[in-house]
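J.: Let me give you the structure first, and then I'll get to my questions.
The values are calculated or read from the model by the stated rules, or taken from the named source; none is laboratory data. Values in this document were obtained by computation on a predicted structure and should not be read as measured data. As a convention, Cβ positions derive from the backbone with ideal geometry for all residues, glycine included, and neighbour counts pool all protein chains shown.
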Amino acid sequence: MIIITADDYGKTRHATDSILKCFSNKSITSASVMVFMEDSKRAAPLALQAGMEVGLHINFTMPFSVDKISSNIRDRHSRVISYLSKSKLAQIIYNPLLADSFDFLFKAQLEEFMRLYGKAPDFYNGHHHMHLCANMLMGKILPKGARARRTFTLDKGEVNLFNLFYRRLLDNIIARRYISTDCFFSILPLQNHERLRNIFNRAVSSNVEIEVHPENADEIGYLLGDQYLSLMESAHVGNFNEIIYRS
């Protein structure tokens, strides 16, 4: 089964409309939602009307862009952004001084999602993949048994040994605690159509997720093109709610 998830729904009007255009064209299957952003409120009823599967795109790295938000949320969010942006190593180091802030900010975003959509998210992932940072995983903040995005699927030779070991550690944690796909890829690079065909071939025997960003002109152009749509027509297309827990 193939799942095509468009990230950053609700971030801006342009991001929202680009994702909805792809969904209506059957180029994607689901969208991950950003809350407390400039188009979050408008985006919610549009997604519900379209019948689009939606998850929470947990945001710890981009400032919230709505005007009306509590100073507590904004201050905690600023501290977390500052910490994670200092170094790439910050995401793999547990910071006990920010433990409460990570938990608070996740719950605030989940509460806002449920207020806007009237239901729990169908799945979870993170902006810049920070749902997999040390404070989230070691704090066990995501609900156990939830559907959550794994880290990128990479083979030996694509990254150094430490990076490969770290990614496999993350995947083991996800597999033990949550429900996820067997593989996860970015649609980029768009020029490598043979790579994308091979990814779709994996979906014959595995559950595969592909991440896309239709707000980018090159990506939406590709997603609406005949070459890509022919791949979609040849695959079993599904969504996160079809994935069952496997012990």
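J.: Going through 97, 105 one at a time, which residue ends up being surrounded by fewer than 20 Cβ atoms within 10 Å (Cβ to Cβ) and part of a helix (DSSP H, G or I)?
T.: Exactly one residue qualifies, and that residue is 97.
J.: Considering only the stretch 18-36, I want to know if a residue exists there that is of a type in the set (Phe, Trp, Tyr) and free of Cβ contacts under 8 Å to residues at least 60 places away in the same chain.
T.: Yes, there is a match, as at least one residue in the stretch 18-36 is of a type in the set (Phe, Trp, Tyr) and free of Cβ contacts under 8 Å to residues at least 60 places away in the same chain.
J.: Of the residues 127, 131, which is out of contact with any helix residue (DSSP H, G or I) (no Cβ under 7 Å at 6 or more places or on another chain), buried (at least 21 other Cβ atoms within 10 Å of the Cβ) and either at pLDDT 95 or above or closer than 11 Å to residue 60 by Cα (or both)?
T.: 131
J.: Given the conditions (1) free of Cβ contacts under 8 Å to residues at least 60 places away in the same chain; (2) under 18 Å from residue 31 (Cβ atoms), and given that residue 167 satisfies all but one, which numbered condition is not satisfied?
T.: Result: residue 167 fails condition (2) only.
J.: For the stretch 67-89, how many residues meet the condition of being at pLDDT 95 or above, among the hydrophobic types (A, V, I, L, M, F, W, C) and within 21 Å of the chain's Cα centre (by Cα)?
T.: Total meeting the criteria: 3.
J.: Kindly indicate whether any position in the stretch 217-235 is in contact with a Ser or Thr (Cβ under 6 Å, 6 or more places away or on another chain) and closer than 23 Å to residue 88 by Cβ.
T.: Scanning the stretch 217-235 turns up no residue that is in contact with a Ser or Thr (Cβ under 6 Å, 6 or more places away or on another chain) and closer than 23 Å to residue 88 by Cβ.
J.: Let me ask you something else. Please go through the stretch 175-200 and pick out each residue that is assigned to a helix (DSSP H, G or I), touching a helix residue (DSSP H, G or I) at 6+ places or on another chain (Cβ under 8 Å) and among the hydrophobic types (A, V, I, L, M, F, W, C).
T.: 196, 200
J.: Within the stretch 15-28, is there a residue that is within 13 Å of the chain's Cα centre (by Cα) and modelled with pLDDT of 95 or more?
T.: No: zero hits.
J.: When you scan the stretch 182-197, do you find a residue that is closer than 24 Å to residue 244 by Cβ, crowded, with 18+ Cβ neighbours inside 10 Å and not hydrophobic (A, V, I, L, M, F, W, C), even just one?
T.: yes
J.: Also, quick follow-up: Quick check on my filter: what residues within the stretch 201-217 are assigned to a helix (DSSP H, G or I) and farther than 19 Å from residue 23 by Cβ?
T.: 201, 202
J.: Name, by its number, the condition in (1) more than 28 Å from residue 166 (Cβ to Cβ); (2) touching a residue at least 60 places away in the same chain (Cβ under 8 Å); (3) crowded, with 20+ Cβ neighbours inside 10 Å that does not hold for residue 52.
T.: Unmet condition: (2).
J.: Which one of 58, 69, 81 is surrounded by fewer than 24 Cβ atoms within 10 Å (Cβ to Cβ), out of contact with any Lys or Arg (no Cβ under 8 Å at 6 or more places or on another chain) and within 23 Å of residue 137 (Cα to Cα)?
T.: Unique residue meeting the criteria: 81.
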